[in-house]
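**Q** First the structure, which I've put down as structure tokens, then a few questions once you've had a look.
All of the numbers you see were taken from the coordinates with simple rules; none came from a lab. Since the structure is predicted, the reported quantities are computational estimates derived from the model, not experimental observations. Neighbour counts run over all protein chains shown; Cβ positions are idealised from the backbone, glycine included.
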Amino acid sequence: MKYIYHILILTGLILTGFNSSAQVVYENPNNPVYKYLSRQAQKGNIEYNDLIQPISRRDIVGYLNTLQGQLDKLSPREQKELAFYQQEFSEFNDDFKDSTTFFKKDQYGRRRFLSVKDKDFFLRGDPALSFETFNGGGKSVFRTATGLTFWGHAGKHIGYQFYFQDITDKGDGIDSNRRFTPETGILRTANVNPNAKTVNYSNFRGSISYAWSNGSISFGQDQMLWGYGQNGRVVLSDKAPAYPQIRFDYSPLKWLRFNYMYAFLNSAIIDSARSYDKGNIVLGKDREMYISKYFVSHTLTFLPAKGLTLSVGESMVTSDNFDAGYLIPIMFFKAYDQYQSRYQVNTGSNGQFFFNVSSRNFIPKTHLYGTLFIDEIRTGSIFNKAKSRNQLGFNVGATRTDVVIPYLTLGLEYTRINPFVYNNLVPAQTYTNQSYSLGDWIGQNADRVTAWATYNPLPRLTTTVQFDYIRKGRDGDIFDQYWAEPQPPFLSEGPVETQKQLLIQVNYELVHKLYLKTSYQHQTGVIQPTIQTSAVPNEFRLAVSYGF
């Protein structure tokens with residue numbers, strides 16, 4: 001029955017857009033074009049929809065075309081960057097000719113490993129290579145990654161993409177857990193101890209999509225980012241590894257956007273009831289099964305004025321059994337959960353609400369933003385210290401560009417996550433995937449102040465100085481989360497640990513997709529160290545990567 005339901009939804013969407021031509025391929029949020037467009041939006045030159053990432057190459061081309069139409073507003077440096085990105089995102093040009101090239105320049109002067117254009121079929125591919133070394137603070141690690149990335153279009157509506165890397169870390173001081181760090185969590189190919197000198201893992205993202213003039217639906221594996229943040233995101237971040245998902249985007253009006261995602265997570269918890277004896281003792285006698293885990297979210301974004309966006313969203317983490325009711329994009333998840341669980345906590349799921357406001361160029365060249373994430377709240381006793389259950393997180397931030405000199409951007413941000421946020425009495429329904437947080441990596445009962453300065457002295461050369469000050473208390477007890485009155489105050493569960501980090505970073509895109517990166521980080525204090533060492537990191541990194 002559920003498969004019929006899937007087919008009916010997909011068929012309806014296809015028929016909706018049958019008469020329009022469009023393709024959707026999502027661009028990696030690490031591409032510097034995101035920051036370039038964000039800065040242009042901050043100056044009021046474009047209307048930029050980046051609350052939810054990744055965004056499509058089709059949308060990026062639209063933003064670049066808008067900038068092309070107002071070159072008089074761009075500095076010579078910005079015009080050079082615009083021309084560079086237009087070479088990269090050239091597939092929607094009307095004069096694109098049929099051709100097949102291998103490691104040659106295309107008709108727009110961009111050298112490509114593979115490029116194929118034949119009527120309505122389009123394919124581009126590159127190797128995905130990176131080499132990185134990081135040293136200091138008791139570590140000396142060399143990282144190599146090899147893989148392949150390709151993407152393209154088939155016909156007038158279908159887009160596809162594939163990205164895979166096999167990654168190996170070798171050396172002393174490898175962080176094989178990646179817990180209290182903004183780096184994306186990993187799934188190791190074998191169980192290794194924390195002091196292993198070799199760790200191997202992989203990274204895969206890919207999808208196939210169907211699009212029409214004002215919407216798209218995609219099926220694949222990726223991360224979804226929700227909200228804004230310099231060193232983390234409260235709602236959805238890139239901390240957890242990519243997960244299989246169904247994504248639906250629709251813009252029925254110029255001032256209204258809708259996003260829906262249904263994701264298949266991994267609980268990392270063995271389901272003893274479904275596990276069974278496999279009949280031999282090779283590598284253990286049991287066939288182990290994980291408890292099924294799912295995540296669903298939807299968001300409405302309103303654009304009441306140029307540069308201003310207001311967004312409201314809802315999500316639900318469910319477990320044990322697949323529930324087709326959550327495949328309805330406009331379902332009110334909280335009400336549906338109450339209906340299915342009959343208002344019983346132990347039979348229900350874990351729901352959240354979240355809100356965001358973003359203002360660009362209302363104050364000239366300034367981006368103001370704020371996000372509120374509500375895990376649980378008693379609306380009738382918000383200000384009652386004895387009865388309140390304000391289990392929520394939030395961040396507020398501001399950045400201003402062209403401060404004193406062109407291309408100098410300053411930013412300040414504060415993030416706070418109250419006790420018990422992201423947690424749940426049902427372990428399979430915590431706000432995690434593969435045991436890594438879907439939200440901010442600092443976790444519950446913690447806050448962070450981030451200040452940074454970014455300057456681009458040359459086109460595609462970005463220098464950043466960033467300072468983070470983090471405080472974190474002990475994770476709260478599950479009994480206190482549900483029964484303690486009053487709730488434990490913020491940072492009251494001691495001891496409170498602190499961590500200060502100073503990061504100096506230089507990134508340069510030498511030619512298309514060839515990145516040179518170097519950074520130095522000085523840290524005082526270690527919160528939840530992930531390697532068995534008492535050393536305080538003073539880390540130097542140097543990296544060369546191509547193809548992603």
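**Q** Only Lys, Arg, Asp and Glu count, each charged at its Cβ (+1, +1, -1, -1), so figure out the dipole size of region 32-546 about its Cα centre, rounded to 20 debye.
**A** Taking the Cα centre of region 32-546 as origin, the dipole is about 860 debye.
**Q** Could you give the spread of the C-alpha atoms of region 32-546 along their three principal axes, from largest to smallest, in whole angstroms?
**A** Projected onto the principal axes, the Cα atoms of region 32-546 cover 64, 56, 48 Å.
**Q** Work through the residues other than E288 whose Cβ is under 13 Å from its Cβ and net out their charges, Lys, Arg +1 and Asp, Glu -1.
**A** After counting each charged neighbour, the total is +1.
**Q** How much length would be gained if the chain were fully extended between Q70 and V282, taking 0.36 nm per residue of separation minus their Cα-Cα distance, in nm to one decimal?
**A** 69.6 nm is the gain from fully extending Q70 to V282.
**Q** Here is a follow-up. What distance in nm separates the simple spin-label points at I208 and T100, each placed 7 Å from Cα in the Cβ direction?
**A** Rounded to a tenth, the inter-label distance reads 2.2 nm.
**Q** Just order 415-421, 128-134, 40-46 by mean Cβ neighbour count inside 10 Å, highest at the front, would you?
**A** In decreasing order of mean packing, 415-421, 128-134, 40-46 become 415-421, 40-46, 128-134.
**Q** Treat each spin label as a single point 7 Å out from the Cα along the C-beta direction, and report the A305 to I269 distance in nm.
**A** Roughly 4.7 nm, to one decimal.
**Q** In Å, what Kirkwood hydrodynamic radius results for region 361-478 from the alpha-carbon pair distances?
**A** By the Kirkwood definition, the hydrodynamic radius is 16.7 Å.
**Q** Another question about this same structure. So what's the net charge close to G229: Lys and Arg +1, Asp and Glu -1, counting the other residues with Cβ under 14 Å from its Cβ?
**A** It works out to a net charge of -1.
**Q** Testing the spin-label approximation: label points 7 Å from Cα along Cα→Cβ at I405 and T524. State their distance in nm.
**A** Label at I405, label at T524, 2.8 nm between them.
**Q** Sticking with this structure for a sec: When the helices in the chain are scored as -39500 (n - 2.57) per DSSP H run of 4 or longer and the sum is shared across all residues, what 222 nm value do you end up with, to the nearest 500 deg cm²/dmol?
**A** -3500 deg cm²/dmol
**Q** Projecting each Cα onto the charge dipole of the chain (Lys/Arg +1, Asp/Glu -1 at the beta carbon, about the Cα centre), which of F295, G147, L458 comes out farthest on the positive side?
**A** Comparing the listed Cα positions along the dipole, L458 ranks first.
**Q** What's the extension gain from A154 to N195 if we count 0.36 nm per residue and subtract their Cα-Cα distance?
**A** Contour length minus Cα-Cα distance gives 10.1 nm.
**Q** What is the gain in length, in nm to one decimal, between T133 and V312 on full extension, counting 0.36 nm per residue of separation less the C-alpha to C-alpha distance?
**A** 60.3 nm
**Q** Starting from the Cα of K365, draw a straight line to each of the lysines and keep only those under 28 Å, dropping any in the same chain fewer than 8 residues away.
**A** Output for K365: K35, K43, K73, K80, K254, K306, K517.
**Q** By Kyte-Doolittle mean hydropathy of at least -1.0 and Cα axial length of at least 20 Å, which whole DSSP H helices of the chain are selected?
**A** The qualifying helices are 2-16.
**Q** Compute the signed sum of charges (Lys and Arg +1, Asp and Glu -1) over the other residues within less than 13 Å, Cβ to Cβ, of G215.
**A** +1
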